[in-house]
Amino acid sequence: MNLVRAELERLSARRFVQLMLVLLVLAFAVTAATTLAGSHKPSVSELNSARAQAAEARRDLEATHQECLARQDGTLQSDTDRYFPSDCSDIDPIRQDRLPIAADFLPGVFSFAEQAEPLLYFLIAFLVLFGFLVGASYIGADLNSGGVVNLLLWRPRRLTVLATKLGTLLGTVLVLALLASLAYLGTFWVIGQTAGLPGRLDGDFWSSLGAVHGRGLVLVLLASALGFAIATLGRHTSAALGAFAAYAVVWELGARLVLEIVDARKSDLFMLSSHTGAWLNGGARFYDEQLCRGDNYGSYCEGFYTLPWLPALLVLLGLTGGLTAAAFAVFRRRDLI
Amino acid sequence: MSAVIEIEGLRKTFRSLRSGRRVAVDGFDLLVEAGQVHGFLGPNGSGKTTTLRALLGLVSADSGRMTVLGEPSPELLPRVAGQVGAIVESPQFFGNFTGYRTLRLLARAGGVPVSRVDEVLDLVGLHDRGDERVKGYSLGMKQRLAVASALLKDPRLLILDEPANGLDPAGIREMRDLMRSLAANGVTVLVSSHILGEIQLICDHVTIISRGRRVATGRVDEVLAGHDRHEFLVRVAEPERAVELLHAAELTAAVDGGALVVSGVSDPTAISRVLGEQGLWVGELTPLRPDLESVFLELTGAYEHPSVPRQVGDSSLPQGEAVIDLDRGVDA
C-alpha cells in the first residue's frame, strides 16, 4: 500500500502527465466553447418546421421503397431514369440505421442525442493517446533516469515494483478516464439542455452510449498497458513511440499496400486498426473484391466480410498480454546499469 | 567479527552485439566485517560499480556467491533490504520535487517513519535547503541528498559508491566526519571512491580491484606496510660523495634532486653511521612511507606510462596475478 501511494505521488508529479491533462482540459474547453457558440435554443417555429421536414423525408423514403417494390413486381411502369437497387430491402426504411429526425433539419442547433457518440469517440481517441504516452513515459523515464534503480534499492523485488507501477498506472488512467468522460458528457448534456436540443435520450440511447464508453475504457487501458510494456522492453519512452510509428508506417501502410498488390484475401484482418475499430464499434464490416473472384463466379457476391468484436478483443488482449508478460519476464532478469 | 558482506568468486560478463563480450568482474572476492569502514578502490572500468550492483541485485552475476548481513543475495536480499542503505553511482531524483518530498516518497515506499526525513536532512547538512526543488541543487547537494536517502532506513550497513562526487572540500570533510560518526555508532560502511587520500583517512580496511579481480585487501596500514620499500630521504652537504660512501657500505642510494634516496634499509641509523664516520653530517633523514595512492597506482598499473594517455579499463594485475591478502597471506 505504501508503494502504491508513493507511485501515485510519482505519477501525478510527472510534468508530462500534467501537460497531457492540461491538453485534455484545453481540447475539452475548446470543443465545448465552439459548440456553445455555434448552437442556439430552437424556437417553436424552427422546431415545427424541422419536424415537418423530417416527416416528409421519412415519407419520401417510404415512397421510394414502395416504388422500388412496385417496379420489381411489375405493377408499376415508369419511364424515369431513377435508380433503384436490385434488392429493394436495401432501401427499406425499417432496415436503415437511422431515419431522418427533426434535429437533422435544425442547422446551428446542437443535439446531445445526435452528437454524444461522435464526441465520445473523440474523447476515447484522446484518452487512448494519453494512456499510451503516459504509460510509456512513466516507466521509460524512470528506467532511463535511474529512478527504478533507486526504488529497487528500497524494495529489491522487481516483479512487485513493476506490477505496482503498472497497477498504479492503470488505476490512475481508469479513474481519470471516468472523471473526464463524466465531465465531458455532462457538459455537453448541459449545453444540449440549455443552448440546443437534448434529443431523444431513452434507454436505447444510454445503453448504446454506455456500451461505446465501456469498450472505449477497455481500449484506453489496453493502450496504457501497451505503452508501458513496450517502453519497459525498450528501456526508453522513445521505444514505445518508435514502435508505434514503425508499426503504423511499415505495417498499416506498407504491408497493406503489399497485401493489396499480391491480392491477399481479407487483408484488413491483419491490421490492428481493424481490430480496434471492430472492438470499439461492436464489430466491423470490410469490403474485399477478392472474395468475389474465382469460386463465386456466376453467383451473387456482395464482397463484404465481418470482423466481430470478440475475436477483435481477443487479438488486442493477446497482443497486450503477450507484450506485458514479455516485459515482466525481461525486467525480472535484466541488468540495470 | 561477523561478516556483513561476503563475496566469493563473483563473475560477470556483459555481452552486446556492438562491443562483443566484456568481462567486468572475474572471480572477485570481498569480505567486509561488522564495524569496518571498508574502502573499495579500483581504476575506472575495473568492476567496482558492477560488483556493488551485483551485490544489490541490480545486475545478475554469472557465477559466485554473495551474502549481505548473512542472507544470500540477491535471492533473500529483500529480507535485509530494510537494514541496507545504498547509493550506486549518482542517483537521479525528480527535479520538480523538493529534497524533503523526495525523501518522504522514499520513506513511504520503504515503510520508514516520515519523521526520519528531517533527521537525515539535518545529518547531511540540507536541513535549511530541504524545501527547495532538487533541480536547483548543485552536484554536491544532490550527492548529500543521495547519502540522506541511504541513511533514511537507519541502516546497519551503508554502501556508498563515490559519495564525495561533486562535494567541495568542506563537504568532503563533513562526509568524512559523518562516516566516522556512523562507524562509531556501529554502522558498517563500504565506500568506493577515487579520492584515495580520503579513503586513507576514513577507512580502516581496504580492498583494491583491478580488471575485475582483487589485487589487495586487508587493514589499510598493513596494505601500506606491505608496499613499504624502506626508503629514506637524506639531505647532506655532498650528495655525490655520500652516494659513493653508501654504495661502498653496500646500501642502495641515488641522488634525487638535491637529496638522496636510500632504499632497502631497515634501520636508518646505518645511514647516519656510515655518513657520520666519514664526516658527512645528515641534515635530514625522513622515512618515505607509501601512501594509498602510490600503492593503488602500483597495484593497478594505472601510471606505468605517464606520457601515454591511459584508456578506461587499462589497469593491470600483479606479476603472476598474485593477490595480496594481508589477512590470509599471498595467493598466487
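Nothing in this text is a laboratory measurement; each read-out follows from the coordinates by a stated rule. Since the structure is predicted, the reported quantities are computational estimates derived from the model, not experimental observations. Here the Cβ positions follow ideal geometry from the backbone for every residue, glycine too, while neighbour counts run over all protein chains shown.
Taking 0.36 nm per intervening residue step and subtracting the Cα-Cα distance, what contour gain separates B:Glu240 from B:Ser266 on full extension?
7.1 nm
Considering only Cα atoms, the convex hull volume of chain A works out to 182 Å³ per residue. When the convex hull of its Cα atoms is viewed from all sides, the range A:43-105 shows a mean projected area of 5.1 nm².
Rg then Dmax, both in Å and based on the Cα atoms of the range A:134-263: 20.4, 59.
The tail of the calculated P(r) for the range A:182-251, taken as Cα-Cα distances beyond 13 Å, holds 75 percent of the pairs. Roughly what % of Cα-Cα distances in the range B:229-288 sit above 18 Å, to the whole percent? Here the long-distance tail beyond 18 Å is 16 percent of all Cα pairs in the range B:229-288. This ranking places B:His230, A:His213 by how few other beta-carbon atoms lie within 10 Å of each, fewest first, which gives B:His230, A:His213. Within the range B:112-231, the ratio Rg/Rh, alpha carbon atoms throughout and Rh by Kirkwood, equals 1.03. Taking Cα atoms only, the orientation of helix A:2-13 departs from the longest principal axis of chain A by about 60 degrees. Note that the range B:182-187 has calculated 3J(HN,Hα) couplings of 5, 4, 5, 8, x, 7 Hz, one per residue in order, obtained from phi through the Karplus relation 6.51 cos²θ - 1.76 cosθ + 1.60 (θ = phi - 60°); glycine and proline are x.
Segment A:Asp92..A:Leu253, full-extension length gain: 54.3 nm, with 0.36 nm per residue of separation and the alpha-carbon distance subtracted.
For chain B, go through all pairs of different Cα atoms, get the mean of 1/r, take its inverse, and jot down that Kirkwood value in Å.
About 22.2 Å, per the Kirkwood formula over Cα pairs.
Normalised by 2.2 N^0.38 Å, with N the number of residues, the alpha-carbon radius of gyration of the range B:6-87 equals 1.12. Within 10 Å of the Cβ of each residue in A:144-150, the mean number of Cβ atoms contributed by other protein chains is 5.
On a per residue basis, the convex hull of the C-alpha atoms belonging to the protein assembly as shown measures out at 235 Å³.
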